[in-house]
1. If you scan segment 5-28, which residues turn out to be under 16 Å from residue 74 (Cβ atoms), in contact with a helix residue (DSSP H, G or I) (Cβ under 8 Å, 6 or more places away or on another chain) and not hydroxyl-bearing (Ser, Thr, Tyr)?
2. Which residue is nearest to the chain's Cα centre (by Cα), if the candidates are limited to segment 51-79 and must be among the small types (Gly, Ala, Ser) and surrounded by 13 or more Cβ atoms within 10 Å (Cβ to Cβ)?
3. Quick check on my filter: what residues within segment 27-50 are within 21 Å of residue 94 (Cβ to Cβ), surrounded by fewer than 18 Cβ atoms within 10 Å (Cβ to Cβ) and either at pLDDT 95 or above or of a type in the set (Phe, Trp, Tyr) (or both)?
4. When you check residue 9 against the structure, is it among the basic types (Lys, Arg) and closer than 18 Å to residue 88 by Cβ, yes or no?
5. Hey, can you tell me all the residues within segment 80-98 that are over 14 Å from the mean Cα position of the chain (by Cα) and touching a residue at least 40 places away in the same chain (Cβ under 8 Å)?
6. Among the residues of segment 8-26 satisfying the criterion of being of a type in the set (A, V, I, L, M, F, W, C) and in a helix (DSSP H, G or I), which is modelled with the lowest pLDDT?
7. Quick check: anything in segment 48-67 of a type outside the set (A, V, I, L, M, F, W, C), touching a helix residue (DSSP H, G or I) at 6+ places or on another chain (Cβ under 9 Å) and outside any loop (DSSP other than H, G, I, E, B)?
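The values are calculated or read from the model by the stated rules, or taken from the named source; none is laboratory data. These numbers come from a predicted model, not from an experiment. Here the Cβ positions follow ideal geometry from the backbone for every residue, glycine too, while neighbour counts run over all protein chains shown.
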Amino acid sequence: MPTLCIRYKINPNQLPDFEEYARNWPEPIERCGGKLIGYFLPTKFAGRTDSAIALIDFPSLAAYEEYRRRLMEDPDAKQIVAHAERSGCILLEDRSFLKWVGSGL
């Protein structure tokens, strides 16, 4: 099962806007065929304060392609993206696929 990892470079001064962005995604993601593992935002305890990640599972790469197609047509998804663009909370997105190796490590 491939896991999509979206790495975000965010504007730390717009963290509340990014948090709203993240909270609005679960329904459209699930409706369009993804299984959201979660959004993970930075803390002030350690590390960078300008990066966040989202993890989404798919049963196959073909399912991911169908998800992308459906997401591009989803009115809620379009609204979420438009709000993020207006707020300037996301500076950069980087997508990659990860493969879980199990608990045998």
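1. First, pick out the residues of segment 5-28 that are under 16 Å from residue 74 (Cβ atoms): 21, 24-28.
Now drop any that are not in contact with a helix residue (DSSP H, G or I) (Cβ under 8 Å, 6 or more places away or on another chain), which leaves 21, 24-25, 27-28.
24, 25, 27, 28, listed by residue number.
2. 54
3. Across segment 27-50, the qualifying residues are 35, 36, 37, 38, 40.
4. Working: among the basic types (Lys, Arg): yes; closer than 18 Å to residue 88 by Cβ: yes.
Yes.
5. As a first pass, look at segment 80-98 and keep what is over 14 Å from the mean Cα position of the chain (by Cα): 82-83, 85-88.
If the condition is that a residue be over 14 Å from the mean Cα position of the chain (by Cα) and touching a residue at least 40 places away in the same chain (Cβ under 8 Å), then 83, 87, 88 are the ones that fit.
6. From segment 8-26, those of a type in the set (A, V, I, L, M, F, W, C) are 10, 15, 18, 22, 25; that's our starting set.
From what is left, the residues that are in a helix (DSSP H, G or I) are 15, 18, 22.
Numbers: 15: 93, 18: 96, 22: 97.
Result: 15.
7. Yes, that holds for at least one residue.
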